[in-house]
Structure formats: C-alpha cells, structure tokens
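Here you go, one structure.
The values are calculated or read from the model by the stated rules, or taken from the named source; none is laboratory data. Here the structure is a predicted model, which means the values were calculated and not measured. Don't worry about glycine lacking a Cβ; one is built from the backbone with ideal geometry, like all the others, and counts go over all protein chains shown.
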Amino acid sequence: MNCAQTRELLNAYIDGELPPDEAMAVSEHLTTCAECSRIYEELLTTVRTLREGLTKYRAPDLLRARVRSALREEERPVVSSATPRVRRGVRMPWRALAAAAILVVASSGITFVATRERPSAEASASEEVLTSHIRSLMPAHLTDVASNDQHNVKPWFNGRLDFSPAVPRLEDQGFPLLGGRVDYVRERPVAVVVYGRRQHIINAFSWPAEGSDEPVQPQEARHGYNMLHWRSGGVEHWVTSDLNAAELRQFVGLLQSVR
Amino acid sequence: VSDSALESFERIVVPLLDDAYTLARHLMRDEHDAQDVVQEAYLRAWRHYGSFHGGDARPWLLAIVRNCGYTWRRGTRVQRESVSYVDDQHGIGDESHRATDAAAIASSDRAELRDALDQLAPEHREAIVLRELEGLSYKEIAAVTGTPIGTVMSRLSRARQRLQEALGLGARAKEGGR
C-alpha cells in the first residue's frame, strides 16, 4: 500500500471501519513510513480531542417534562389542567416515569441510589418533595402566583397557610424569584417558593415542624436531582433542583443568611 | 395504542433523550431551538413507533431528530450565522448539563472546540457529532443522514481535517499550509 492509499484510509482505520486485510496493510505501511505515521498520530490526537472535549449535553429538566407532557397529551387528548392526575389510571404512570428517569440517569452515568426498604419519615418527605418538584415542571404547575416581586409572593401565602414562609430576594445573586405555590407534602399544605438559575428551576419547600434544629444535610442525588434538607427555628426546609450540587449549596447559604 | 407500546417506548426511546438533545443542540446551535426540535421529534417518533422494528433505537431516533431539525430550519427560515450565544456563560461550563467526564479539559478549550464545530457546514457538523459524540458506525451514520457510506467517509475526513486546522492540532496547521 502506498502513501496516498494509506492516507485515504486513515480515518476509517482509526474508526475501526476497515476490513481486516486493509487494516493490516495500513498498519504495515505506518510502521515503515515516518510521514504517514506522523499524519496518523496527528489525526489520532484530533479524534481523541474531539471525543473528550466536545460537549455531550444532558437534556434540561424542562425539556424532559415537556416531552413527557406532550406524550401524555398525545395519549389522552383531554387533560385536566386543574390538577395533575398522577395517581389514577393514567397510561403513563409516575412509577413508569420514574423508571424512565432512572434509565436516563443511569445512561448518563450519574450515580443514584434507589431506596427499596420501607421509607423513614425523612426518606418519605424527600420522596414527596421530589415528586412535587417533578410535577411542578409540568406545564402550568410550577407556580400558583407567578411574580418576581417578593411583595407579591409573600402576601399571597397569607390565608393559604398557617405560617408565613420567608421569600427573600436573591436576584442580584443570580437566583431570580419566579413565584410561589402551595403544595401538599407529609399530609399537610406546605409553602413552595420557586427560584430560577439560568434554565434550572429551584423549588424551596418549607413548613412548620416539631424537632430540634438540624444542619444542612445534602441528600442522596436521586433521578438526577440534588436535594438539601435542614431544620431551623421549628421550620422544615427542603430545596431541590437539577442545578449542580455546589450552586445549590450556595443558594441554600443565601437563603439562610437572609433569614 | 396499548399500554405496552407506550411502556416499551418509555423503556427504549425515552432514555435516549440526552442523545437526542446532544444532536439537536449541535445541529441547531441554540438551546431553545434544540428543545423544540427534540420535543417534536419525540412526538413524531411516538406516532411512528409502529415502524420501528426492534434493533438499536438510537440511529432510528437520531434520524428523526435530524429530519425534524432540518424541517424546523426550513420552516422558520432562521439562519443563524452568528456563533455568539446568549447562553455562553453556562452551556459549556455547566457541570450538570454535560455528561462527558474529561474534567482535565478546561472550559476555554471546550468553548474553542464548540466554536470550531459550529463553524463547520451542517453536513460536516452532523458527521462529527454522530461519530464522536453519539458513537455511531459509518453504516449507521449513512442510514441516519441518508447518504452512501463513501460520502460519510469523505465528510468525516474533511470535517476532522478542518477541525484539526482550526484547533491548531496538526503540524501542517501550525505551518500554515496543508
């Protein structure tokens, strides 16, 4: 095999797309020709650089939710917009969605732990918080009051809850307020204050709770979501998002510092 | 449509969302366009799920994503010549949104790589994404793009050469000639 023929086949050689006899011929030529060998090494470096350096994206949560929601609508033309009917005879049950999410997470190489044992109170709270977070990503379920003004969001909770959640303004720190909603967790209504971070959604849950203060505790990342829990001054706090752990921790720090 | 068809779709096609988004994102060069394209592609894939006869679902799905991408472009006549992104500050450096683990590669290098890729003609760009990121074989790329294998080979070869020169990875590029 001569130089021109070899160089013609170098890409296919690197990609393992040559039949054995041709691959052998290229390989033999490369051991004897310094110039072709140099070109081969350069091409190999290029291919490696591309494979390692090009960006493999993870689909954002909102897209995941949109796809699921679109599939559901396709499946059931009439969808109630008032409440998500997640526990009834829907054809795409949340259990299956969770399974799909696990597969997605597993395929993207992120570790997670599926808890099979009977959940403790905390595990059960985290389960419900996560379900609420995922449900909130469905169209029209994120906020009951959509506003970036804390003076709209905070009063909105009055009369809807038996306590008043903190609604700090964190826009200057890069976490704009998106709104709030009341959700149902641990068999009681809870406050959810919603913040954004770039294209990520952060749900900050709070409700009054018995028990002594607990420091901020990162929970096991589940289904690709990070989650933090703490208790202070008789208020239970859960924060969850697909935002990376470091920035979510930063967010929690801000949340605590303004209280 | 039976439950089992949707369950099978969820088991086989939904977990490929990251792959679909990666292709769309590089093809469209815009995160919002990419999301619209992927959503449309998934609906189309679901409607035509009956035509999927087993085997590897990835090339099948990626072909749909690709076609949706091109249709979307034609439909909206959006021509994005610019490679400046509103999301420049997070697309690349955002850990949670990329699954590659080569942490050693600085984000500036990643940005340079992405910019170089964005400069390529669409047929060269898709060849690179399908091969280097999606890991498809030549035969699968040919099926996804509807081109002969010989064309796949020459596009890939030319695309890599352009990137090598743009990134200054080869001696020939450094010497300024080829």
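The rows are residues; the columns are (1) surrounded by 20 or more Cβ atoms within 10 Å (Cβ to Cβ); (2) touching a strand residue (DSSP E or B) at 6+ places or on another chain (Cβ under 7 Å); (3) facing another protein chain (nearest Cβ under 9 Å).
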| residue | (1), (2), (3) |
| --- | --- |
| A:Asp15 | no, no, yes |
| A:Leu18 | no, no, no |
| A:Met24 | no, no, no |
| A:Glu52 | no, no, yes |
| A:Leu63 | yes, no, yes |
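For the structure I just gave you, tell me whether B:Arg11 is in a helix (DSSP H, G or I), surrounded by fewer than 19 Cβ atoms within 10 Å (Cβ to Cβ) and in contact (Cβ under 8 Å) with a residue 24 or more places away in the chain. Give the steps one after another, and end with the answer.
Working: in a helix (DSSP H, G or I): yes; surrounded by fewer than 19 Cβ atoms within 10 Å (Cβ to Cβ): yes; in contact (Cβ under 8 Å) with a residue 24 or more places away in the chain: no.
For B:Arg11, the condition - in a helix (DSSP H, G or I), surrounded by fewer than 19 Cβ atoms within 10 Å (Cβ to Cβ) and in contact (Cβ under 8 Å) with a residue 24 or more places away in the chain - is not met.
Here is a follow-up. Please enumerate the residues belonging to the range B:18-30 that are touching a residue at least 24 places away in the same chain (Cβ under 8 Å) and not basic (Lys, Arg).
Once the filter is applied, which keeps residues that are touching a residue at least 24 places away in the same chain (Cβ under 8 Å) and not basic (Lys, Arg), the range B:18-30 yields B:Asp18, B:Asp19, B:Ala20, B:Thr22, B:Leu23, B:Ala24, B:His26, B:Leu27, B:Met28, B:Asp30.
Scan the range B:31-54 and tell me whether some residue there is within 14 Å of another protein chain (Cβ to nearest Cβ), crowded, with 19+ Cβ neighbours inside 10 Å, in contact (Cβ under 8 Å) with a residue 60 or more places away in the chain and part of a helix (DSSP H, G or I).
Yes, the conditions are met somewhere in the range B:31-54.
Quick one: in the range B:11-30, of everything that is aliphatic (A, V, I, L, M) and facing chain A (nearest Cβ under 7 Å), which residue is nearest to B:Ile141 (Cα to Cα)?
First, the residues of the range B:11-30 that are aliphatic (A, V, I, L, M): B:12-14, B:16-17, B:20, B:23-24, B:27-28.
From what's left, facing chain A (nearest Cβ under 7 Å): B:14, B:17.
Values: B:Val14: 21, B:Leu17: 18 Å.
Per the stated criteria, the residue is B:Leu17.
Residue pairs, Cβ under 6 Å, 6 or more apart or interchain, first in the range A:220-236 and surrounded by fewer than 16 Cβ atoms within 10 Å (Cβ to Cβ), second part of a loop (DSSP other than H, G, I, E, B) and aliphatic (A, V, I, L, M). List them.
Going by the 6 Å Cβ cut-off, the qualifying pairs are A:Glu220/A:Val113.
Being modelled with pLDDT under 90, small (Gly, Ala, Ser) and under 21 Å from A:Gln173 (Cβ atoms) narrows it down to one residue among A:Ser257, A:Ser206; which is it?
On the way: A:Ser206 fails: modelled with pLDDT under 90.
Sole residue among the options that is modelled with pLDDT under 90, small (Gly, Ala, Ser) and under 21 Å from A:Gln173 (Cβ atoms): A:Ser257.
Yes/no per residue for (1) assigned to a helix (DSSP H, G or I); (2) modelled with pLDDT of 95 or more; (3) closer than 30 Å to A:Asp183 by Cβ:
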{"position": "A:His29", "(1), (2), (3)": "yes, yes, no"}
{"position": "A:Glu35", "(1), (2), (3)": "yes, yes, no"}
{"position": "A:Arg66", "(1), (2), (3)": "yes, no, yes"}
{"position": "A:Ser69", "(1), (2), (3)": "yes, no, yes"}
{"position": "A:Glu74", "(1), (2), (3)": "yes, no, yes"}
{"position": "A:Pro77", "(1), (2), (3)": "no, no, yes"}
{"position": "A:Arg85", "(1), (2), (3)": "no, no, yes"}
{"position": "A:Gly89", "(1), (2), (3)": "no, no, yes"}
{"position": "A:Ile102", "(1), (2), (3)": "yes, no, yes"}
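Pick from the range A:28-49 the residues that are over 26 Å from B:Arg114 (Cα atoms) and in contact (Cβ under 8 Å) with a residue 12 or more places away in the chain: which of them is surrounded by the most Cβ atoms within 10 Å (Cβ to Cβ)?
Step by step, filter the range A:28-49, then rank; the result is A:Cys36.
Mind listing whichever residues of the range A:206-227 are within 23 Å of A:Phe157 (Cα to Cα) and in contact with a Pro (Cβ under 9 Å, 6 or more places away or on another chain)?
A:Ser206, A:Trp207
List the helices (runs of 4 or more DSSP H) inside the range B:117-170, counting only whole elements, that have at least 2 residues being of a type in the set (Phe, Trp, Tyr) and over 24 Å from A:Thr6 (Cβ atoms). If you could, list the steps in order and put the result at the bottom.
Working: elements: B:122-128, B:138-145, B:149-166.
Fully inside the range B:117-170 and qualifying: nothing.
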